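Below you'll find the structure, written out as structure tokens, and then a few comments.
The values are calculated or read from the model by the stated rules, or taken from the named source; none is laboratory data. For clarity, every value in this text was computed on a predicted model and none was experimentally measured. Counting neighbours? That spans all protein chains shown, and the Cβs are built from the backbone with ideal geometry, glycine included.
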Amino acid sequence: MLLAFEPLEALRAVPKISEDASIVVNTYPTYPFNIKESSVPYPDISVIVDELKSKSAQVFAFDAEKFAKDAGHILSLNMVMLGGAVAVPGFPLDKKVVLESMKNNLPEKSLEINMKAFEEGFRSSKKIQVD
């Protein structure tokens, strides 16, 4: 499985994965400093996702940054991505085990936001499987 927090990051890592690997990717771009100051534009997200789909039969692409903000804090983005990964068929841990671990290890003050973020990522990957 390739878990990418940024679209170009996913594209750069594709040569290192098996063709059977699943890809979970945040579609919200983080513009590298050299692209911001360059005449070369950041590639269109749909082009990146199409390229990823040509390399893997299972691509789960969604705006994790939006879901993290909707959950209550941008720093919960990692939990959005974790939720997206757990929903991928064949993920080695059951959702209940991951949720229990979160409850046992996350600070109480951030638990609600992180649980909400996790569920958003999980639902996003499940929805992509249905679509």
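Taking the residues in segment 11-41 that are within 18 Å of Glu65 (Cα to Cα) and aromatic (Phe, Trp, Tyr) as candidates, determine which candidate is nearest to the chain's Cα centre (by Cα).
Tyr28
Going by what's in this entry, would Phe62 be described as surrounded by 15 or more Cβ atoms within 10 Å (Cβ to Cβ) and among the aromatic types (Phe, Trp, Tyr)?
Numbers: surrounded by 15 or more Cβ atoms within 10 Å (Cβ to Cβ): yes; among the aromatic types (Phe, Trp, Tyr): yes.
Yes.
Among the numbered conditions (1) over 14 Å from the mean Cα position of the chain (by Cα); (2) closer than 26 Å to Asn114 by Cβ; (3) of a type outside the set (A, V, I, L, M, F, W, C); (4) part of a helix (DSSP H, G or I), the only one that Ser54 does not meet is (2).
Assuming Leu93 fulfils every condition listed in (1) aliphatic (A, V, I, L, M); (2) more than 16 Å from Leu3 (Cα to Cα); (3) surrounded by fewer than 17 Cβ atoms within 10 Å (Cβ to Cβ) apart from one, which condition is it? With respect to (1) aliphatic (A, V, I, L, M); (2) more than 16 Å from Leu3 (Cα to Cα); (3) surrounded by fewer than 17 Cβ atoms within 10 Å (Cβ to Cβ), Leu93 is out only on (2). Taking (1) within 26 Å of Thr30 (Cα to Cα); (2) without any contact (Cβ under 8 Å) to a residue 40 or more places away in the chain in turn, Pro92 satisfies each apart from (1). When Leu82, Leu75 are screened for being over 10 Å from the mean Cα position of the chain (by Cα) and farther than 17 Å from Asp20 by Cα, only Leu75 passes. Among the conditions (1) buried (at least 21 other Cβ atoms within 10 Å of the Cβ); (2) assigned to a helix (DSSP H, G or I), Glu119 misses just one, which is (1). For segment 67-90, the set of residues classified as surrounded by fewer than 17 Cβ atoms within 10 Å (Cβ to Cβ), modelled with pLDDT of 95 or more and either basic (Lys, Arg) or part of a loop (DSSP other than H, G, I, E, B) (or both) consists of Lys69, Gly72, His73, listed by residue number.
Search segment 19-41 for residues being of a type in the set (S, T, N, Q) and surrounded by 10 or more Cβ atoms within 10 Å (Cβ to Cβ), and hand back the single one that is farthest from Glu120 (Cα to Cα). Write out each step before concluding.
Looking only at segment 19-41, we keep the residues that are of a type in the set (S, T, N, Q), and these are 22, 26-27, 30, 34, 38-39.
Those still in the list that are surrounded by 10 or more Cβ atoms within 10 Å (Cβ to Cβ) too: 22, 26-27, 30, 38.
On the way: Ser22: 19, Asn26: 13, Thr27: 14, Thr30: 21, Ser38: 35 Å.
Top of the filtered list is Ser38.
Against the condition part of a helix (DSSP H, G or I) and within 19 Å of Ala13 (Cβ to Cβ), how does Leu111 come out, does it pass? Criteria not met by Leu111. Scanning segment 100-131 for residues that are of a type in the set (D, E, K, R), under 15 Å from Ala61 (Cα atoms) and in contact (Cβ under 8 Å) with a residue 24 or more places away in the chain gives Glu120, Arg123, Lys126.
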